Amino acid sequence: MSRPVALITGGAGGIGAGFVLEAARRGFIPVFSFRSTAADPELIRQCEEHGVAPVPCQADLAERSDIDRLARVAQDAGPVTTLINCAGLAARTGLDSTTDEKLWDLMWVHAYVPDLLTRRLRPDLTASRGSVLNVSSDGGVVGSISGLPYGMSKAATLGATATLARSLAPFVRVNTLAPGAVEAGMWLSASESTRMHVEAETPLQRTPSAEEVAVAGLDICAWHVTGQTIVFNGGRTIL
Amino acid sequence: MVINGTTSLGAAIVQGCVDRGFTTVFTHPEPVADHVVRDIVDSCGGRGSPVAVDREDQSSAVKAAQYVASLGHIDRLIYVPEALRSPGMSAASQELIKAAFDTTVMTLVNFVRVLSRPLAERKGSILVVLEAEAIEGSDAEDLFGVNMSALLGLSKTLARELAPDVRVNALVPPTSDPVLSERIESTRLLDRRASDAEVARTGLDIADWPHATGITLAMELPGRAS
């Protein structure tokens, strides 16, 4: 019997790479998309140490045709049981400085792509009683310090989760993980003052690694819950 | 340390702790049938040990906590309150209200008083298991609902007070209340309620996450997507 496939968008680096490695550790075949930066050979090697050959797939998720192609690559690799929508765009622009294009780009990647990809893989996920995890942000839950496009589009991710959870129940579980600052990706370029500010507001006074986020996310995928949003930010926002 | 390990969910959590490699101590109320305790101990293969607690005597809870503290170290404190539902507030005497408060709320407070320091030394975590009334309230059993809400507030406040050394999270499993359960049946998205083992796994996963504190996960409530 072939190994289950976990499709991870935005898997070349940051949190996405954490998901790729953790998925391999748990026995999945990780199929992951990357836009421009080629897959890190070290990531491939680490996956292979777990006896798994990951499947990188160059895809520009801004293109509808690439979304379909990515889904086909995953289906060809084996039974798709898990979808991690992790691809994201960074933006630090407020109401006055943002553009219509920026708003559209972030909404597309953070809200519409997870919805489209999930619906594209619905037969596979239904057959396997699978699970979808949308990676949002605590900024999508309580408003974002990164500005309007980011906060709005990450909030829309929560809406996509809730709607997909209803649409695909009882066969497919759909949940959101909403991390705060993570030692990866856009956080690494944050200013020292921003980092100090966030850390001072965080009860656990630390920033998690991408791997910690991935462990939590794949744990959630295994739970008997749907439509949930788990805020994972060291207690910075206690709801 | 699992408080009230002889409830159905408590036993599943004890088993889950043992499966994860923890040496597990669990409390059980006095009196409880011997075979209930024995079955749990047997299923743990020698890695679970019981401690009796008199639910009407808080000094008994303190002694149990001190016993656990004396074992050397503690990594997890998991509180499964007994589902001791009670009459509405208007029908309850002040003594009964106090007794329910002691049993439901003070038991956890007393365990935390004794064990917070040893938990901090190990960067450990606390999981508070609640009933759905903590969030939904209760028409008929407002005393129970109030105490559950107090525990929810306690978990969030402890998350702030004990940080950064101890993590504190709350889990609301599918309800055991028949009236609330009937309401949930009509709105449930998944085709069945989670089993005790699944609930235990969920709670223990959260308790393991090194960057999680102040989380409240309600696995299944009316009007929520789950």
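What follows is calculated from the coordinates using simple rules that are stated; it is not laboratory data. Predicted model only: the values in this text are computed from it and were never measured. Note that each Cβ is placed from the backbone with ideal geometry, even for glycine, and that neighbours are counted across all protein chains shown.
Below, the figures for the structure above:
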{"read-out": "Rg [Å, one decimal], Dmax [Å, integer] - region B:1-134, C-alpha atoms", "value": "14.8, 47"}
{"read-out": "Alpha-carbon Debye profile of chain A, log10 I(q)/I(0) at 0.13 Å⁻¹", "value": "-0.73"}
{"read-out": "Where N is the number of residues in chain B, Cα Rg divided by 2.2 N^0.38 Å", "value": "0.97"}
{"read-out": "Positive-pole candidate from A:Ser189, A:Ser136, A:Ala165, dipole of region A:133-239, charges at beta carbon", "value": "A:Ala165"}
{"read-out": "Student exercise, chain B dipole from Lys, Arg, Asp, Glu Cβ charges, in Debye to nearest 20", "value": "820 debye"}
{"read-out": "Largest to smallest principal axis extent of the C-alpha atoms in region B:123-191, angstrom", "value": "41, 30, 13"}
{"read-out": "Most fluctuating residue given options B:Ser186, B:Ser60, B:Ser116, as computed from a GNM of chain B linking Cα atoms under 10 Å", "value": "B:Ser186"}
{"read-out": "Which of B:Thr103, A:Pro41, A:Phe19, positive extreme of dipole for the protein assembly as shown (C-beta unit charges)", "value": "A:Pro41"}
{"read-out": "Hz values of 3J(HN,Hα) by residue in region A:123-134 - Karplus curve (6.51, -1.76, 1.60), Gly and Pro given as x", "value": "x, 5, 5, 5, 4, 9, 6, x, 9, 10, 10, 9"}
{"read-out": "Distance cut-off 17 Å, percentage of C-alpha pairs in region A:1-110 lying past it", "value": "53 percent"}
{"read-out": "Ellipsoid semi-axes in whole angstrom, largest first, where each is sqrt(5λ) of the Cα gyration tensor of region A:157-239", "value": "28, 12, 11"}
{"read-out": "Only Lys, Arg (+1) and Asp, Glu (-1) charged, at Cβ; the protein assembly as shown dipole about Cα centre in debye", "value": "600 debye"}
{"read-out": "Cα-centred dipole magnitude for chain A, charges only on beta-carbon of K, R (+1) and D, E (-1), debye, nearest 20", "value": "720 debye"}
{"read-out": "Residue-by-residue Karplus 3J(HN,Hα) for region A:27-32, coefficients 6.51, -1.76, 1.60, Hz, glycine and proline x", "value": "x, 7, 8, x, 9, 9"}
{"read-out": "Residue-by-residue Karplus 3J(HN,Hα) for region A:106-121, coefficients 6.51, -1.76, 1.60, Hz, glycine and proline x", "value": "6, 4, 4, 6, 7, 10, 6, 4, x, 5, 5, 5, 4, 5, 5, 9"}
{"read-out": "Gaussian network model of chain B, Cα within-10 Å springs - most flexible of B:Ala200, B:Ala99, B:Ala33", "value": "B:Ala33"}
{"read-out": "Net charge of neighbours whose Cβ lies under 15 Å from the Cβ of B:Val166, counting Lys and Arg as +1 and Asp and Glu as -1", "value": "+4"}
{"read-out": "Amide H contacts of A:Gly180 (H built 1.01 Å from N, under 5 Å, at least 5 apart or other chain)", "value": "A:Asp138, A:Phe232, A:Asn233"}
{"read-out": "Proximal charge balance of B:Val129 [Cβ under 12 Å; K/R count +1, D/E count -1]", "value": "-3"}
{"read-out": "Residue (of B:Leu130, B:Val80, B:Gly16) at the positive-pole extreme of region B:13-162, dipole from beta-carbon charges", "value": "B:Gly16"}
